Amino acid sequence: MTTDRAAAPPLPRPVPEARPPRRPAARPAAPARPARTVPRWAVPALLAAADTLAAAGAAALAGGPGPALLVPLVPLLLLLTSRAGLYRPGPAATALDELAPLLARAATAWCAVAAGLAALRPGQHLGPLALAAAIAGQALLAAAGRAAVHRARRAAARRRPRSALLVGPEPAARQLAAALLAHPEYGLRPVGVVPAGPPGPETAPPAAAPPRLRSAEALTRAVIRHTVRDAVFLLPPESDPYAAALLRRFLGQGAAVWLAGPAAWRDGRPPAPGTGHLWGFPCRPYETAAPHRGRAAKRAADLLLASAALLAAAPLLLGCALAARCADGPGVLCRRERTGRDGRRFALLRFRTARPGAAPGPVGRWLRRTGLDGLPQLWNVLRGDLSLVGPRPERPARAAEFARRHPGYAARHRMPPGLTGLAQVHGLRDGAPAEDRARFDNLYIDSWSPGQDLRILLRAAARRRTGRAAG
């Protein structure tokens, strides 16, 4: 601040300028940390422990061989209970709703173990009364233990609800958001509404309601800011292209996906008896295979095959490098920025086929025609930037543009890009429509198997051989 001292009248004595008391320098506010929630594995682990303790209590009631009876009983019981989905409870699960399924699984497991015991050790078989007492005790003790787990879970959910996004028609999503905000015991705190499905009337959201998220940037900011780990779909995801793209994104990030309202119906039929609910909205978990299945096997195959190919092609690599060096001078490799898995950028390696701003010479044209200019990409495979089979690597600017224009394009970044892929062997290369390439890439990711990778590699080799013969 400047002061005009020449115009100020003389003062009898200098008066010190009034200054506010010194305070510690204000530090920049740290970003708010989301409340710590219960780990997702904790509830299934506690439920499994309750079932195991119930089996031990039921074995004590039944008498017989004692602890030796638990060796076959507990694994069989846990397997049957897991196959019934009882270790993936809904937001409003209660032990009373689970009592009938628990009784059926207890009867199956105990009858199977009793039959095996009677066949192997006839002198220690379980009588009808002991077997009935064991089955009833198993179901009742498991229900009691699960009731304690669910009670503690609801209390923890009320204290630390998980952030969730609601996807579907906006009027229904607003109704569900209001219900979840009014009933925190479900453990879901809506932080955004993503309109999907048939367009509805444009209305301003209420003041206390979660915001409307229309753009991909707004959705990404909400996911990062609130650490979103749950997504609730109020329409069948496969019925809307944008919802299907969001489903792939959430599953790829390991989020818990719930189907609520009409989306909870199975094959157009109303919800089955015992279906969970969110304050009257039917709700069930989305049934899918575990995310990132086969990633370790795919990576191991990439390492093995790329290492063998690099060793076998070492003389050819050296010859190509010498030819490029003699034709165009130093700097035989060029690095091109591409978008990899989860949007991360990496440098794609190729042999340089021309000087900057110049047309390719004879050596460069030969490298391009034979495809040998891409041999250094085997090093990208070893580094983990690329896979042998996967979506085509794209330039970052074009990837961002295609993601804005096509809802399913961003989902193809769930897997590392590849040297070849399902879209490429169907003739969809750089000039093909991005929507078609994204459809093939997502189909490949959703239906991945080692056999499919092998078939794609064989088809790519056959296409290259056919192309050389035609040329």
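The values are calculated or read from the model by the stated rules, or taken from the named source; none is laboratory data. Everything numeric in this text was worked out from a predicted model, so none of it was measured. Cβ sites come from the backbone with ideal geometry, for glycine too, and all protein chains shown count toward neighbours. These accessible areas exclude ligands, DNA and RNA; they are computed on the full protein's heavy atoms, side chains included. Shrake-Rupley method; radii C 1.70, N 1.55, O 1.52, S 1.80 Å.
Check which residues have an amide H placed less than 5 Å from Gly197's amide H, if you skip close sequence neighbours.
Here Ala243 satisfy the definition.
Of all the accessible heavy-atom surface of the stretch 302-342, with the other protein chains kept in place and a 1.4 Å probe, what percent is carbon and sulfur?
In the stretch 302-342, the share of accessible area belonging to carbon and sulfur is 67 percent.
Amide H to amide H, which residues 5 or more places from Arg189 or on other chains are under 5 Å from it, using H placed in the peptide plane?
The answer is Arg162, Ser163, Ala164.
What is the percent carbon and sulfur in the accessible area of the stretch 396-471, measuring with a 1.4 Å probe over the protein chains and ignoring ligands?
57
Using per-residue counts of other Cβ atoms within 10 Å, averaged over each peptide, order 307-313, 416-422, 439-445, 177-183 from highest down.
Listed from highest to lowest mean packing, they are 416-422, 439-445, 177-183, 307-313.
Run the quick spin-label model on Leu454 and Val71: label points 7 Å from Cα toward the beta carbon, then report their separation in nm to one decimal.
With each label placed 7 Å out from Cα toward Cβ, I get 3.9 nm.
Would you kindly derive the ³J(HN,Hα) couplings of the stretch 180-191 from the backbone phi angles with the Karplus curve 6.51 cos²θ - 1.76 cosθ + 1.60 (θ = phi - 60°), listing them in order in whole Hz, with x for Gly and Pro?
My calculation for the stretch 180-191 gives 5, 5, 7, 10, x, 5, 6, x, 10, 10, x, 10 Hz in order.
Describe numerically, in nm with one decimal, the distance between label points set 7 Å from Cα along Cα→Cβ at His183 and at Ala397.
So the label points at His183 and Ala397 sit 5.2 nm apart.
Give me the accessible area per residue for the stretch 328-471, probe 1.4 Å, as a whole number in Å².
Dividing the accessible area of the stretch 328-471 by its residue count gives 52 Å².
Which ³J(HN,Hα) values in Hz, rounded to whole numbers, follow from the phi angles of the stretch 301-306 under the Karplus curve 6.51 cos²θ - 1.76 cosθ + 1.60, where θ = phi - 60° and Gly and Pro get x?
5, 4, 4, 5, 6, 5
At 1.4 Å probe size, with every protein chain present, just tell me what the per residue accessible area of the stretch 109-250 comes to in Å².
47
So for the pair Arg221, Glu287, with labels modelled 7 Å out along Cα→Cβ, what separation do we get in nm?
3.9
Restricting to the stretch 147-260, compute how many DSSP beta bridges are antiparallel as a %, nearest 5.
0
Carbon-plus-sulfur fraction of the accessible area of the stretch 133-195, 1.4 Å probe, in percent?
That fraction is 63 percent.
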